[in-house]
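Have a look at the structure below, then the notes.
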Amino acid sequence: MFKKTLAGMCGLLISLAACQSPDNAQTEQTDAQESTAIADTTKREPRPKPEYYSFKGLEKKRVYICMDPSEDTFHQKHDCPVLISCASTFRNLTLPRAVEAFGRYNCETCSADLAYVFDENAVRMETGLQGQ
Ligand SMILES: [Zn+2]
């Protein structure tokens with residue numbers, strides 16, 4: 001009885017493992033297709049420079065920016081579809097410099113997790129000490 005169950009489990013594990021490689025290959029292909037779709041919709045007016053931002057813990061974080069004048073975002077991923085669609089040159093620089101010197105916001109595609117850098121409420125609590 002016990003032996004039978006064990007054999008069944010082994011069979012299950014083997015079929016799971018066998019399924020994994022083709023799945024991974026498919027995911028990569030889908031990503032590449034999405035990249036081209038997103039690239040067509042990125043033309044827009046840049047927003048004004050961000051007024052509120054806080055880099056606590058991110059002072060040395062490096063990001064990428066596209067030097068095209070219509071761009072107003074920074075990217076964490078060098079292979080971000082929006083960054084790849086950049087028609088100009090791009091630069092690798094620190095996050096504070098991208099925001100302060102170039103007025104960049106977080107890219108919604110690759111850096112949505114950094115939106116809190118520009119969260120007004122969170123920033124006010126911190127900059128209160130600096131008299132702003
Ligand atoms: Zn991006």
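Observations, loosely collected:
- Number of residues in the stretch 99-121 that are aliphatic (A, V, I, L, M) and under 15 Å from the mean Cα position of the chain (by Cα) equals 4.
- Scanning the stretch 89-111 for residues that are open to solvent by 50 Å² or more (accessible area, probe 1.4 Å), near the ligand (Cβ under 9 Å from one of its atoms) and not β-branched (Val, Ile, Thr) turns up just one, GLU108.
- Near pairs, Cβ below 6 angstrom, 6+ apart or cross-chain, from the stretch 62-88 (farther than 17 Å from VAL117 by Cβ and near the ligand (Cβ under 8 Å from one of its atoms)) to any residue that is among the small types (Gly, Ala, Ser) and not in a loop (DSSP other than H, G, I, E, B): PRO81/SER35; PRO81/ALA39
- Flag for PHE74 being in a loop (DSSP other than H, G, I, E, B), of a type outside the set (D, E, K, R), assigned by TED's automatic domain parsing to the domain that holds PHE118 and at pLDDT 95 or above: no
- If you go through the stretch 65-83 and keep only what is within 21 Å of GLU45 (Cβ to Cβ) and within 15 Å of the chain's Cα centre (by Cα), you end up with ILE65, CYS66, ASP72, THR73, PHE74, HIS75, CYS80, PRO81, VAL82, LEU83.
- Residue that is modelled with the lowest pLDDT [pool: residues in the stretch 107-132 that are within 29 Å of CYS66 (Cα to Cα) and of a type in the set (S, T, N, Q)]: THR127
- Any chance PRO69 is surrounded by 11 or more Cβ atoms within 10 Å (Cβ to Cβ) and modelled with pLDDT under 95: no
The values are calculated or read from the model by the stated rules, or taken from the named source; none is laboratory data. Source: prediction; values computed, not measured. Using ideal geometry, Cβ is built from the backbone for each residue, glycine included, and neighbour counts are taken over all protein chains shown. Accessible surface is based on the protein model in full, side chains and every heavy atom, while ligands, DNA and RNA are left aside. Shrake-Rupley method; radii C 1.70, N 1.55, O 1.52, S 1.80 Å.
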